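Read through the structure below, which is laid out as structure tokens, and then see the notes.
Every number in this text was worked out from the coordinates using simple rules, so none of it is lab data. All values derive from a computational prediction rather than experimental measurement. We place every Cβ from the backbone using ideal geometry, glycine too, and count neighbours over all the protein chains shown.
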């Protein structure tokens with residue numbers, strides 16, 4: 001079973017998980033944007049890993065491989 005320390009990430013850990021600068025995450029919080037967070041005290045912020053994963057899933061852009069254009073491949077012997 002996962003412990004709370006494994007489930008709750010610091011802002012630095014959350015930024016690394018998302019692949020964004022820590023300052024961007026702080027800016028999003030001040031603008032009420034980005035993934036949900038937990039504010040335990042005035043300056044103690046944590047993120048649930050599950051919320052970060054859901055946030056990323058919500059921003060998934062589906063594409064069709066090769067833009068839907070069929071690609072012909074010719075295999076030649078040497």
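For an R0 of 22 angstrom, estimate the FRET efficiency from the Cβ-Cβ distance between residue 41 and residue 17 and round to the nearest 0.05. Efficiency computed from Cβ-Cβ geometry: 0.50.
Rounded, prolate or oblate: which fits the range 4-61 when a ≥ b ≥ c are the square roots of the eigenvalues of the alpha-carbon gyration tensor, with rounded for a/c under 1.5 and prolate only if a/b beats b/c? Verdict is oblate for the range 4-61.
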